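A.B. asks: I'd like to ask you about the structure that follows.
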Amino acid sequence: MDTPPLPGAEALYDSVPCGLLVADADGRLLAANATACRWLRHERDALVGKLRFQDLLTMGGRIFHHTHLQPLLRIQASVAEVKLEMKDAQGKVLPTMVNMAEGPWQGRMLLHISFFIAEDRNKYEQELLLQRRRLEELATRHAQDQQDLMAARAQAEDRAQFAEQMVGVVSHDIRNPLSVIHMSTVLLERGSLDAQQRAALARVNRAVLRVRHLIGDLLDFTQARLGGGISVRASEVDLHQAVADSIAELAVAYPASTLRHERLGGGNCMADADRIIQAVGNLVSNAASHGEPGRPVTVRTESTEGGFRICVHNEGKPIPPDVLPRLFEPMVRGADAGSQGVGLGLYIVAAILRAHGGTVRAESTAEAGTSFILELPRR
């Protein structure tokens, strides 16, 4: 009796009881099996070539992906049994267990991802937490003062633990190795290198600078979310001159862009000049990267009746109307933002202005261009 033939490789790939994804080095999805499409409630055409793996994660998952998974993949080429929260096409959060492996294929790096829905496990963990909370409530019900003290202590411990984890990863696991890399590149630059070696070294230096910028954003994000806001040390400063000096430095970083500075009225005010320059630098960087090529980026500083105003303006494609109201939330990025960064720059700009008692807003149309307006109060 003849044995019926088994399903072919394509049929097995589609029907295997786990989600399978293939992505390029930047996370852009190149393939997805039928199980993944069914669980994520996406048509295959809506995933492949359209989304990155990071786009399928919640905000916490994206941060964890940037700070943990990508560095681990670069070091050991694979990670296993990582718990991540993904989102389906309707926005439903899906608790999943994920395995990832990175490897070369025909001259490029591919990322292979498998995931399993872990709703039962997540429900079990949530039930354990719920029962623990009920026991804690029963134990503290007869002493309200003690309950308040324990709740405040638990909240402080949770915040401290999260802050320690974030700061620990950034300052120890990333910043220290970066310093070693940077010092090593400085030593290598002193040696005799050919053109190809110098180009490779320049790429390393640029990568170090990008990661340092990301580290700074993550530290500021942690302070703003968990530390009660970004700290500022205000003193009397001529913001006209401070911004002018900053623009001169930014002009070196963006040689392909024309940066203009206009000033109106007096420039003396009470502010943390370093923080204001950081905010202006973030906005100018965005304007230079996403503005109309060949058109200038204009920074106007002016004294107003209520205080001081800084406006960063560029021409080009406007910010989509659906993105504009959420622009200063963390992890919100435009469709053409590229793969660098995690979308914290504008959130940090808003946090800096709040720390000064000021505000920031954005205006963007095809006719008038895009303007970010920073308002500082007169102290």
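A.B. asks: Since residue 105 meets every condition but one in (1) open to solvent by 40 Å² or more (accessible area, probe 1.4 Å); (2) closer than 24 Å to residue 330 by Cα, which condition does it not meet?
C.D. replies: Going through (1) open to solvent by 40 Å² or more (accessible area, probe 1.4 Å); (2) closer than 24 Å to residue 330 by Cα one by one, residue 105 breaks only (2).
A.B. asks: Mind checking which residues of the stretch 278-312 are β-branched (Val, Ile, Thr), within 22 Å of residue 234 (Cα to Cα) and in a helix (DSSP H, G or I)?
C.D. replies: Answer for the stretch 278-312, where residues must be β-branched (Val, Ile, Thr), within 22 Å of residue 234 (Cα to Cα) and in a helix (DSSP H, G or I): just 280.
A.B. asks: Assess whether residue 49 counts as being exposed (fewer than 15 other Cβ atoms within 10 Å of the Cβ), within 21 Å of residue 33 (Cβ to Cβ), in contact (Cβ under 8 Å) with a residue 12 or more places away in the chain and out of contact with any Phe, Trp or Tyr (no Cβ under 6 Å at 6 or more places or on another chain).
C.D. replies: yes
A.B. asks: To continue, here is another question. Just to be sure before I move on: is residue 3 modelled with pLDDT of 90 or more, outside any helix (DSSP H, G or I), on the phi < 0 side of the Ramachandran plot and not aliphatic (A, V, I, L, M) in the structure I sent?
C.D. replies: Spelling it out, it is not the case that residue 3 is modelled with pLDDT of 90 or more, outside any helix (DSSP H, G or I), on the phi < 0 side of the Ramachandran plot and not aliphatic (A, V, I, L, M).
A.B. asks: Count, please, the residues in the stretch 293-312 that happen to be open to solvent by less than 20 Å² (accessible area, probe 1.4 Å) and either of a type in the set (Ser, Thr, Tyr) or farther than 27 Å from residue 252 by Cα (or both).
C.D. replies: Adding up the residues that qualify gives 2.
A.B. asks: List every residue pair whose Cβ atoms sit under 8 Å apart, with the two residues 6 or more apart in sequence or on different chains, where the first one lies in the stretch 261-286 and is on the phi > 0 side of the Ramachandran plot and the second, anywhere, is open to solvent by 20 Å² or more (accessible area, probe 1.4 Å) and not in a helix (DSSP H, G or I).
C.D. replies: Between residues of the stretch 261-286 that are on the phi > 0 side of the Ramachandran plot and residues that are open to solvent by 20 Å² or more (accessible area, probe 1.4 Å) and not in a helix (DSSP H, G or I), the close pairs are 265/302; 265/303; 265/304.
A.B. asks: Can I ask one more? Report whether or not residue 17 is open to solvent by 30 Å² or more (accessible area, probe 1.4 Å), more than 28 Å from residue 344 (Cβ to Cβ), in a loop (DSSP other than H, G, I, E, B) and not aliphatic (A, V, I, L, M). Working first, answer last.
C.D. replies: Numbers: open to solvent by 30 Å² or more (accessible area, probe 1.4 Å): yes; more than 28 Å from residue 344 (Cβ to Cβ): yes; in a loop (DSSP other than H, G, I, E, B): yes; not aliphatic (A, V, I, L, M): yes.
Spelling it out, residue 17 is indeed open to solvent by 30 Å² or more (accessible area, probe 1.4 Å), more than 28 Å from residue 344 (Cβ to Cβ), in a loop (DSSP other than H, G, I, E, B) and not aliphatic (A, V, I, L, M).
A.B. asks: If you don't mind, there's one more thing I want to ask. Where residues in the stretch 337-361 are modelled with pLDDT under 65 and touching a helix residue (DSSP H, G or I) at 6+ places or on another chain (Cβ under 7 Å), which of them is most open to solvent (accessible area, probe 1.4 Å)?
C.D. replies: Filtering first and then ranking leaves 340.
A.B. asks: Separate question: Name the pairs: first residue in the stretch 306-320 and without any contact (Cβ under 8 Å) to a residue 24 or more places away in the chain, second residue not polar (S, T, N, Q), Cβ to Cβ under 9 Å, at least 6 apart or on different chains?
C.D. replies: Taking only residues 6 or more apart or on different chains, the pairs are 320/334; 320/335.
Here's the yes/no breakdown for (1) open to solvent by 30 Å² or more (accessible area, probe 1.4 Å); (2) farther than 24 Å from residue 15 by Cα; (3) touching a residue at least 40 places away in the same chain (Cβ under 8 Å):
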residue: 38; (1), (2), (3): yes, no, no
residue: 44; (1), (2), (3): yes, no, no
residue: 60; (1), (2), (3): yes, yes, no
residue: 67; (1), (2), (3): no, yes, yes
residue: 72; (1), (2), (3): yes, yes, no
residue: 79; (1), (2), (3): no, no, no
residue: 84; (1), (2), (3): no, no, no
residue: 90; (1), (2), (3): yes, no, yes
residue: 97; (1), (2), (3): yes, no, no
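A.B. asks: Further question on the same structure: Looking at 263, 275, 203, 198 in this structure, which one is among the basic types (Lys, Arg), at pLDDT 75 or above and outside any helix (DSSP H, G or I)?
C.D. replies: 263
A.B. asks: Among 219, 178, which is open to solvent by 30 Å² or more (accessible area, probe 1.4 Å), of a type in the set (A, V, I, L, M), at pLDDT below 70 and within 24 Å of the chain's Cα centre (by Cα)?
C.D. replies: Details: 178 fails: open to solvent by 30 Å² or more (accessible area, probe 1.4 Å).
From the options 219, 178, the qualifying one is 219.
A.B. asks: Please enumerate the residues belonging to the stretch 363-379 that are under 22 Å from residue 273 (Cα atoms) and crowded, with 18+ Cβ neighbours inside 10 Å.
C.D. replies: Once the filter is applied, which keeps residues that are under 22 Å from residue 273 (Cα atoms) and crowded, with 18+ Cβ neighbours inside 10 Å, the stretch 363-379 yields 371, 372, 374, 375, 376.
A.B. asks: Also, quick follow-up: Spot the failing condition for residue 315; the list is (1) surrounded by 14 or more Cβ atoms within 10 Å (Cβ to Cβ); (2) at pLDDT below 85, and only one is missed.
C.D. replies: For residue 315, the failing item is (2).
A.B. asks: Would you mind telling me which numbered condition in (1) in contact (Cβ under 8 Å) with a residue 40 or more places away in the chain; (2) crowded, with 18+ Cβ neighbours inside 10 Å; (3) aliphatic (A, V, I, L, M) residue 32 fails?
C.D. replies: (1)
A.B. asks: Then there's this: Please verify whether the stretch 284-292 includes one or more residues that are closer than 18 Å to residue 357 by Cβ and open to solvent by 40 Å² or more (accessible area, probe 1.4 Å). Give the derivation first.
C.D. replies: If we filter the stretch 284-292 for residues that are closer than 18 Å to residue 357 by Cβ, which is where we start, we get none.
No: the stretch 284-292 contains no residue that is closer than 18 Å to residue 357 by Cβ and open to solvent by 40 Å² or more (accessible area, probe 1.4 Å).
The values are calculated or read from the model by the stated rules, or taken from the named source; none is laboratory data. Given the structure is predicted, the values throughout are model-derived calculations rather than measurements. Please note: Cβ atoms are built from the backbone with ideal geometry, for glycine as well, and neighbour counts cover all protein chains shown. Heavy atoms of the whole protein, side chains included, go into the accessibility calculation; ligands, DNA and RNA do not. Shrake-Rupley method; radii C 1.70, N 1.55, O 1.52, S 1.80 Å.
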